[in-house]
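Notes follow the structure.
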Amino acid sequence: MTIVFRITYKLLQKAYLFVKYDLLNEYEDNSVVEQESKIIKKYKLPNMVLSGPFRGLKYFDMVSISSALIPKLLGSYEQELHEVLEKIIQKNSYICLINIGCAEGYYSAGLAYRLSSLQKVYCIDIHEGALHANKTLLKMNKIKTSFIFQNCLDLTEVLKDILTEKTLILCDCEGFEEYYIDPIKFSTLRDTDILVEVHDFLGKKISEKIKRSFNKTHEIKMIFQTKRDLKFYEKLSGISGNILKQSLDEKRQKGNFWMWLQKKEL
């Protein structure tokens, strides 16, 4: 890596840390944690995912990094992705998962819990607490898949490990997808399936750049935010009214959505 490229990474790291910890503060503020804790205790929510693709996954009752906890326990978290995730699970062919911005491990542990084909999982996050939580979650669920934990931003070596169509990339890194999900920097991405959360609200049309970069090699599905079925989650949890609405709220901004990039079949 050239000196200029190293300097660029350092500058990007500082910017990413600023954005990441700004978001962390929103969800790790004591008042937010206390509010969720009271609801979990009052309604006796088990420390387990109750619905969705990861139903049955043992989970934390007090830990969720950079996002709300109750949606994960109820299984409503990023419900928009359930259809794609179920197809990934049914396909059961990915050998390697690279989870960029893994937080405490909802997806890394969840997919390892459901995908018997997985042999290796990379958990990547700059938050040390996130990586520690991942390890705890694996022990809680007795997951034996090989996990590799990394807390740096230079993913050059990791992305070299891609096994083309046998690797799945999940990316949620607060705008940093503009730099990672780039087939010019990482040519192996052209042969890889990618599920990425995009953050156009940060001031750039990141999604348009990704579209242009992968239009020739991938089928691209845009996945936008949808409303939750309040009756379903009320029946599931016993929570109702405004408390349920607030509990299911993931506080997403306009311009925050997902892209599912599947390698085109020849």
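Quick note: the coordinates plus some simple rules give every number you see, no bench work behind them. Only a predicted model underlies this, so the values are computations on that prediction, with no experimental measurement involved. A quick note on method: Cβ atoms are made from the backbone with ideal geometry, for glycine too, and the neighbour counts reach across all protein chains shown.
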In segment 3-263, if the dipole is taken from +1 on Lys/Arg beta carbons and -1 on Asp/Glu beta carbons about the Cα centre, which of Y59, I100, Q119 is farthest to the positive end? Q119
Which value, in Å to one decimal place, does the Kirkwood hydrodynamic radius take for segment 22-128 when every pair of different Cα atoms is included? 14.6
For the chain, what does -39500 (n - 2.57) per DSSP helix run (n ≥ 4), summed and divided by total residues, give at 222 nm, in deg cm²/dmol to the nearest 500? -12000 deg cm²/dmol
Mind pulling the angle between the C-alpha long axis of helix 30-42 and the longest principal axis of the chain? Nearest 10 degrees, somewhere in 0 to 90. 50
State, to one decimal in nm, how far the label point of K38 lies from the label point of T136, with both points 7 Å from Cα in the Cβ direction. 2.3
Can you list residues from other chains, or at least 5 along the same chain, whose modelled amide H is less than 5 Å from the amide H of M48? Y59
With r defined as the distance between the Cβ atoms of E128 and K264 and R0 fixed at 41 Å, what FRET efficiency is calculated, to the nearest 0.05? 0.60
Stokes-Einstein D for segment 110-218 (10 °C, 1.306 mPa s, Kirkwood Rh from Cα pairs), in µm²/s, comes to 105
Where nothing but the Cβ of Lys and Arg (+1) and of Asp and Glu (-1) is charged, how large is the charge dipole of the chain around its Cα centre, in debye to the nearest 20? 520
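Arrange the following residues from fewest to most other Cβ atoms within 10 Å of their Cβ: F60, F232.
Going from sparsest to densest Cβ surroundings: F232, F60.
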Extension gain, Q119 back to S93 (0.36 nm per residue minus Cα-Cα distance, nm): 8.3 nm
For segment 173-254: rounded, prolate or oblate by the Cα gyration tensor [a/c cutoff 1.5]: prolate
Would you please give the FRET efficiency between T226 and N47, computed as 1/(1 + (r/R0)^6) with r the Cβ-Cβ distance and R0 = 22 Å, to the nearest 0.05? 0.25
